[in-house]
Amino acid sequence: MSDSEESNKSQQIIELDFDFNEVQVVSEAFFKESEEILSDLDDHILRLEAHPHDEILLQGLFRKVHTLKGSVGAVPGGQLLGSLSHEFETLLERLRKQKILPTKECIEIFLHSSRILKVLAENLRTHREIYPEELSEAIELIARYGAFQLTSTESATTERSAVVEPEIEASRNKEDGIWLSQEHMASLMQLSSDFILLKNSFQNMLDTKEDAAEKLTVKKVLERQGTLSHSLNALSDQFQGILDKAQKLPLKEAFAGLVPLVRQAAYELKKDVRFEDVGFELEVDKVLAHDMYKALMHMVRNSLDHGIEKPEDRTAAGKPMQGVLRISLEEKSSVIHCVVKDDGRGLDRERILQRALAKGLTNALEASQMPEEKIFSFIFHPGFSTKEKITTMSGRGVGMDVVQNIVTKYGGQIEIKSKAGEGSEISLHIPVPKKLLVERCLLASWSEFTFAFPLSEVSHISSCDELHITDVDHLRFCQFENRTVPLMTFEEIYQFKNLLPLDHVKKMSVVFLHVQDFHLGILVDKIDHQTDLVIKSFGGLIKKTPGFKGNSVLTDEEIAYVVDSTELQTLLQKESA
């Protein structure tokens, strides 16, 4: 064998030799996800039969099958399941786009497909070879899809109902449970024992006999109360810490399937890609980690299919043959920043704009004045794709809208940057969800109100007489950490103008808040102390107020309003627009 042949053979072995552990990780992820999807697929199909006008039901079924097809792509031996899912998805899309109601024949083929998909998924999980009759049935079913003719006696213009029955909506919002390790269970059991001991200590103090109580001095009573209070605070902190940790998952573990996904997709697309990850040691809420993984799956496929070029095209453009896909993660100021960057061809501005015009998402006048990032954001619109041909990788316009929905679910933001010929960068900014209703806060008072500032959003506190304050266009500013920061009371925020004279402001204190790049100084009369607060959502007698996330009861007669810096930022941006 010649050196050239030997080199080619070695290269083929390198390309095909996927690490067993990586394959196992992505396979396990698929088994878990497919079990969840297939467990209620029949029920979803039957609900669609009962409510054929429900567009949301049809869209939900479409997403289930689309996700199943996408997740099986990197599983060895999953080609047949992927092909059947692809045909299933195609028919659902035809129903959706042509606004045709599903017939009895459609429902029958969907239920038949569901049964075969379960068989194929179980075969993959147990490594059992497919029986000849199962193979024949699957192939015949795929052929049926190819020859399927859509006909309907129902009007194609019939409005699909957007009303969803409560039980249907509940099933859509179902979240995974939380798995507790033996370590967490042992810690909780120990805490339970400690709480019982502490409870008994309190009871013993209350049960002190009258003659013994008379001998106790006020000092001793206070000392005992202080000891018990200290123990209670320590146990409370431990309990919160255990619950917080139990709900978190290292992203390195949650995103383990990304590496084999990139390699498999690059191999199918005949592209040479180096995958880089930064910050994957970050730990986040398990549900958020699962959602972020779903978003990244679609973003990775988008970068590989649309962005990074084939080796020969990169060489012709003067680039290295190997493309780079980089995902970096960072948590800062209670916001998770996830950046997906590639060095491909970049987003095609004109192609995106033309497709948006064709779909009626904008008009020529708006388009002529539209900033570039706004044009790029059309890729997140449902059903939007610049692909002419549908493949198992992309082309249906489903994927990037999933990313948008996930970011919106957590109240986050998406930022897009792209340069023709150099690559694109999509950043997801997702606020860390607050699972626990207990938060460490700084208490402060203004007028007759008490406010609680979450410590995670407080950067500094200061006396106003130490600051250089200036007025510009009826607004008040100061210099803080080389920034020009607005100084306002809550009343001034709502009216967006100064209401207090400068000599009065100089006697006040300021709490500096920061969220991402947003900085604001809140004027208060008095800074009090730090404490852990149980935060309750607004409702009942206390109505929702812009700029606040909830309230907390301090005493029988005092309530603290808990500040929401993100809402304050949104409020000020609207007022200044």
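The values are calculated or read from the model by the stated rules, or taken from the named source; none is laboratory data. Source: prediction; values computed, not measured. Ideal geometry is used to build each Cβ from the backbone, glycine not excepted, and the neighbour counts take in all protein chains shown.
Worth pointing out:
- Across region 242-258, the qualifying residues are those that are in contact with a helix residue (DSSP H, G or I) (Cβ under 9 Å, 6 or more places away or on another chain) and in a helix (DSSP H, G or I), and the one among them that is surrounded by the fewest Cβ atoms within 10 Å (Cβ to Cβ) is E253.
- Subset of region 210-250 that is touching a strand residue (DSSP E or B) at 6+ places or on another chain (Cβ under 6 Å) and not polar (S, T, N, Q) - its residue that is modelled with the highest pLDDT: P250
- Single unsatisfied condition, E108 versus (1) closer than 19 Å to V403 by Cβ; (2) free of Cβ contacts under 8 Å to residues at least 24 places away in the same chain: (1)
- Test for R274: is it outside any helix (DSSP H, G or I) and among the basic types (K, R): yes
- Just one of the listed residues (E93, E122) is free of Cβ contacts under 8 Å to residues at least 60 places away in the same chain, outside the structural domain of A256 (by TED's automatic domain parsing) and in a helix (DSSP H, G or I), and it is E122.
- In the condition set (1) among the β-branched types (V, I, T); (2) in a loop (DSSP other than H, G, I, E, B); (3) under 27 Å from the mean Cα position of the chain (by Cα), T555 is compliant with all but (3).
- Options L288, L235, L261; residue that is in a helix (DSSP H, G or I), within 19 Å of V407 (Cα to Cα) and not small (G, A, S): L288
- The residues of region 513-548 that are farther than 23 Å from F239 by Cα, modelled with pLDDT under 85 and either in a loop (DSSP other than H, G, I, E, B) or in contact with a Ser or Thr (Cβ under 9 Å, 6 or more places away or on another chain) (or both), listed by number, are V515, Q516, D517, F518, F538, G540, L541, K543, K544, T545, P546.
- Residue check, F449 touching a Pro at 6+ places or on another chain (Cβ under 9 Å), over 13 Å from S565 (Cβ atoms) and not hydroxyl-bearing (S, T, Y): no
- Test: residue in region 65-74 that is within 28 Å of E133 (Cβ to Cβ), assigned to a helix (DSSP H, G or I), free of Cβ contacts under 8 Å to residues at least 40 places away in the same chain and basic (K, R): no
- Single match in L135, L84, L101 (criterion: in the same structural domain as L58 (by TED's automatic domain parsing), in a helix (DSSP H, G or I) and buried (at least 17 other Cβ atoms within 10 Å of the Cβ)): L84
- Of all residues in region 308-326, those that are surrounded by fewer than 19 Cβ atoms within 10 Å (Cβ to Cβ) have Cβ atoms under 9 Å from Cβ atoms of residues that are aromatic (F, W, Y), 6 or more apart or on another chain, in V324/F275; R326/F275.
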